[in-house]
Amino acid sequence: MHATVASISALLLSVAILLMGSGLQSTLLPVRASLENFQTTEIGLMGSSYYVGFALGCFYGGRAVQRVGHIRTYTALTAIAAAVVLIHVLAIDPLAWAALRAVTGVCFAGLFLVIESWLNDRAGNENRGLVMGIYTMVYLTVIVVGQMMLTLAAPSQFALFAVASILVSIAAVPVALTRSSEPKPVAEVRLRLGKLYRASPSGMAGVLMGGMATGAFWSLGPSYAIGVGADANEVAIFMSIAVLGGALVQWPIGRLSDRLDRRAVLVAACGVGALAAGCFVLFDVGKGYAGAGLTAVFGAAAMPIYAIAAAHAFDLVERSDYVETSSGLLLANSLGAVVGPLVASIIMRWVGPNGMFLATGAAHLALGAFVVWRMKRSAPVPPEQRTKFDLAGTAPTMVPSQSEDEHASRAPL
């Protein structure tokens with residue numbers, strides 16, 4: 001175990017630095033956009049553009065790895081992503097920022113491909129869960145650290161953009177200097193969303209609608225917080241509370257879904273998420289302790305939806321189809337995240353900041369209703385057929401847990 005962790009220590013250090021920069025950037029940009037008086041629809045377009053780029057990166061990122069290898073791809077993409085952060089300051093324009101977010105999405109799709117295919121290559125069957133679990137916890141922790149970096153300087157100034165760019169840039173150093181050998185080339189997989197839907201309608205709908213809700217929250221959560229009177233420090237705390245709420249319940253909810261019909265757990269999560277969102281809309285709680293508590297409840301309900309829906313889908317497909325299933329789930333989630341910010345931003349323009357929670361609550365209600373309908377039409381998966389919940393394998397990341405002889409990546413669709 002120690003040898004395995006040591007062999008990926010440079011990569012994990014790189015991941016930590018990279019995601020700090022990403023977490024800071026993802027919160028900083030909507031805040032700065034609000035300060036620059038961008039319309040909510042323009043901020044929503046920025047969020048959607050990121051996921052458009054991410055989806056494109058899922059399609060084409062693997063080709064770069066096949067052509068020049070993991071290390072060269074990683075260093076090239078970090079250089080581009082770091083430069084893009086600074087270009088935001090040079091071209092303060094909504095359309096320019098939307099285009100830049102799309103480029104960032106392409107870069108991060110490729111970076112996640114390199115990271116996770118490398119981790120899977122180094123892990124064996126006996127410790128794959130440990131390796132990917134460590135990675136997932138690093139992912140969740142450093143995103144929060146990056147978001148809290150928003151408190152280090154004024155978003156209206158250049159400093160935070162420089163910090164984000166520096167972090168993304170130096171993330172390449174541990175990988176570039178590693179003495180570890182590169183993984184095997186990633187393999188291409190077919191993408192058949194129709195086949196995936198026929199195998200698991202609830203799983204497919206779960207990642208799609210879950211993507212709509214979380215995509216809207218990630219893209220417009222800072223704008224909501226500013227709209228109800230939060231300053232930059234409070235925006236960082238608001239976003240971090242949601243992430244921590246989701247992180248704390250991810251594993252317990254997953255284990256609960258091992259014992260029950262996962263669809264019932266999915267419906268319950270949708271119900272709690274819709275209820276929390278409804279409280280924001282109906283009672284206008286804004287900031288303060290009530291807002292913080294509801295934000296944690298919302299994060300605890302919304303963030304695990306992808307994992308539960310993905311686990312349900314894996315219960316219903318053959319092991320030989322895991323890589324294709326993972327690819328389809330990730331793409332469906334990205335497509336939902338493209339639509340979510342656009343719809344939420346339009347509603348926010350009509351009804352104000354609470355429109356963000358109105359949109360996410362509606363997405364949760366629609367998903368819950370669909371899953372209830374599916375539960376009436378089909379029996380639950382027998383307990384003996386359910387795969388054991390794997391936090392790393394069902395997280396919304398690029399590469400699933402695979403058997404040792406499966407070195408395929410899920411990104412080149």
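Take the alpha carbon gyration tensor of the chain, find the square roots of its eigenvalues, order them as a ≥ b ≥ c, and report rounded if a/c is under 1.5; if not, report prolate when a/b exceeds b/c, else oblate.
Oblate, since a/c reaches 1.5 and b/c is not below a/b.
Going by how many other beta carbons lie within 10 Å of each one, how would you line up Thr295, Thr360, fewest first?
So the residues, fewest neighbours to most, are Thr295, Thr360.
Restricting to Cα pairs below 8 Å that are 6+ residues apart, what does the relative contact order work out to for the chain? Please round to a whole percent.
Reported as a whole number, the value is 28 percent.
Okay, helix-only estimate at 222 nm for the chain: each DSSP H run of n ≥ 4 adds -39500 (n - 2.57), divide by all residues, round to 500 deg cm²/dmol; what do you get?
Computed ellipticity for the chain at 222 nm equals -26000 deg cm²/dmol.
For the stretch 338-345, in order, what is each residue's ³J(HN,Hα) by Karplus, 6.51 cos²θ - 1.76 cosθ + 1.60 with θ = phi - 60°, in whole Hz (x at glycine and Pro)?
6, 6, x, x, 5, 5, 5, 5
Based only on Cα atoms, what mean projected area does the convex hull of the stretch 281-354 have, in nm²?
Taking a quarter of the hull surface, the average projection is 6.2 nm².
Farthest toward the dipole's positive end in the chain, which of Thr214, Ala307, Val15, given Cβ charges of +1 (Lys, Arg) and -1 (Asp, Glu) about the Cα centre?
Ala307
So what's the stretch 321-373 giving for Rg/Rh, alpha carbon basis, Kirkwood Rh from the mean inverse pair distance?
Across the stretch 321-373, the Cα-based Rg/Rh ratio is 1.12.
Among rounded, prolate and oblate, which fits the stretch 168-316 when a ≥ b ≥ c are the square roots of the eigenvalues of its C-alpha gyration tensor, a/c under 1.5 means rounded, and a/b larger than b/c means prolate?
oblate
What is the order of His364, His88, fewest Cβ neighbours within 10 Å to most?
Placing the least packed residue first, the sequence is His88, His364.
Taken together, the values in this text are just the output of simple stated rules run on the coordinates, not laboratory data. Bear in mind the structure is a predicted one, so any value in this text is a computation, not a measurement. Using ideal geometry, Cβ is built from the backbone for each residue, glycine included, and neighbour counts are taken over all protein chains shown.
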